[in-house]
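A short write-up of the structure that comes next.
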């Protein structure tokens, strides 16, 4: 069985990155699942409440911090929506485009 490349690539990238914690990983896994459900196409449209629920994150502050970190560290490209009625956009940098 061939490994799932986007998952393997992400774990190889974070292996030596001390900035990444369990909440970052959980959030990335929720985003990866959304990408998978989006026919493996970037960008994905996300709603904060659905991603928070999937990642088991209860605090909006934690969610916002981790999304900003993943963007800053180069794991994703995050385009937050200005209006909460509109979906945010995310590109996962370790997934085929």
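Annotations for the structure displayed:
- Applying the Kirkwood pairwise sum to the alpha-carbon positions of the stretch 1-48 produces a hydrodynamic radius of 11.8 angstrom.
- Using the Cα coordinates of the stretch 43-97, the gyration tensor eigenvalues translate into equivalent-ellipsoid semi-axes of 17, 14, 11 Å, sorted from longest to shortest.
- Spatial extent of the stretch 5-92: Rg and Dmax, with the Cα atoms as the point set, Å: 12.2, 37
- Measuring between their Cα centroids, the stretch 1-21 and the stretch 58-97 lie 18 Å from each other.
- Taking 73, 10 and counting other C-beta atoms within 10 Å, the order from fewest to most: 73, 10
Laboratory data are not the source of any read-out in this text; all were calculated from the coordinates shown. Every value quoted in this text rests on a predicted model; they were computed, and no experiment measured them. Positions of Cβ are generated from backbone atoms using ideal geometry, with glycine treated the same way; all protein chains shown enter the neighbour counts.
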